Amino acid sequence: MKFFVDTADISEIRELHEAGLLDGVTTNPSLVAKSGRDFKEVVKEICDLLPGLPVSAEVTATDYETMMAEADVLAAIADNVVVKVPLTLAGLKACKALSDKGVKTNVTLCFSANQALLAAKVGATYISPFLGRLDDINLDGMQLIQDIRVIYDNYDFSTQILAASIRSANHVSDAALAGADVATIPPAVLKKLADHPLTDKGLAAFVKDWESTGQSIL
Ligand code: E4P
C-alpha cells in the first residue's frame, strides 16, 4: 500500500519524507486555508520537496470551463502535480479531458460505488472515497472501499483506490485489508502507526538491562 500524507504543512511533509514514509501528498482547499499560505507557492514547494512523487492539487471552480482553466495552471506548476476534481458531472467531464491529455487526476469527494464506477470510466488516475465522512453519518466507509475493489477488479479498471478522510490507525490497516491501493493519511495518524505499548515497554526493559551491564557499543 502506498502512503500519501494529507496536509499542506511543509514541515510535516518534510519530516515524514525524511523518515522515508511518503509516496505522495494530497491537499484540498480546506487544508490550504488552514496553512494560511499562497496555494500555488505551497504546491510548488511540495512538488520540489518530493520530485517525481504525486502531489494532488484541487481545482476550486465548479463549472467545467473554469475547472479546465485552473487545471492548466495547476498542471504547469510541476510534472508531478495530480489535478484533483470533484465528483460531479462537470468534474467527470474535466477528468476525461485531462486524462485524454495525459494529465494525472484524482477524483475527490466520492461517497458511493456508482460514483467510483463513473470515475474509472472517465480514466481517473485515483478515486478518493471519503471513509471518515461516511462513518460520521453512520454509514460504512470501509464497505465502500471493499465494494469499489470488487467492481474495479471485475472490469480490470486501472484507477487506483485512494482511501481518504482517514481518521485513525485502524482505518489504515482496514483499508489495506480491503485492498485500497493508497491511503492518504493526516500527519498525526501516520506517526501513530508506529506506536505500540508493548514496543515501548520492551524498549524500556532493554535500555534498563543494557545500562546494568555498564557497557557501551561506541
Ligand atoms: C482527501 O484527499 C481529502 O483531502 C481528505 O482526506 C479529507 O479528509 P477529512 O474528511 O478529514 O477532511
Inset, instruction - For residues that are under 11 Å from residue 107 (Cβ atoms) and within 11 Å of the ligand (Cβ to nearest atom), tally how many sit in region 128-161. - result: 2
Inset, instruction - Starting from region 54-77, keep only residues that are under 20 Å from residue 162 (Cα atoms), then list their pairs with residues that are more than 13 Å from the ligand (Cβ to nearest atom) and of a type in the set (D, E, K, R) whose Cβ atoms are within a distance under 6 Å, requiring at least 6 positions of separation or different chains. - result: 59/70
Inset, instruction - Scan region 46-69 for residues that are of a type in the set (Asp, Glu) and farther than 20 Å from residue 127 by Cβ and jot them down. - result: 48, 63, 65
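Residue 164 - would you say it is on the phi < 0 side of the Ramachandran plot, within 15 Å of the ligand (Cβ to nearest atom) and touching a His at 6+ places or on another chain (Cβ under 8 Å)? First the steps, then the outcome.
Numbers: on the phi < 0 side of the Ramachandran plot: yes; within 15 Å of the ligand (Cβ to nearest atom): yes; touching a His at 6+ places or on another chain (Cβ under 8 Å): no.
When the stated conditions are applied, residue 164 does not pass them.
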Inset, instruction - Enumerate the helices (runs of 4 or more DSSP H) found wholly within region 18-85, keeping only those where 3 or more residues are more than 16 Å from the ligand (Cβ to nearest atom), surrounded by 12 or more Cβ atoms within 10 Å (Cβ to Cβ) and of a type outside the set (Gly, Ala, Ser). - result: 39-49, 64-75
Inset, instruction - Go through the residues of region 170-190 one by one and say whether even a single one is surrounded by fewer than 11 Cβ atoms within 10 Å (Cβ to Cβ) and at pLDDT 95 or above. - result: yes
Inset, instruction - Considering only region 94-127, state which residues are aliphatic (A, V, I, L, M), away from the ligand (no atom under 15 Å from the Cβ) and out of contact with any Lys or Arg (no Cβ under 6 Å at 6 or more places or on another chain). - result: 94, 97, 98, 103, 113, 117, 118, 120
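The values are calculated or read from the model by the stated rules, or taken from the named source; none is laboratory data. Because the structure is predicted, anything quoted here is derived from the model rather than measured. Note: ideal-geometry Cβ built from the backbone for every residue, glycine included; neighbour counts use all protein chains shown.
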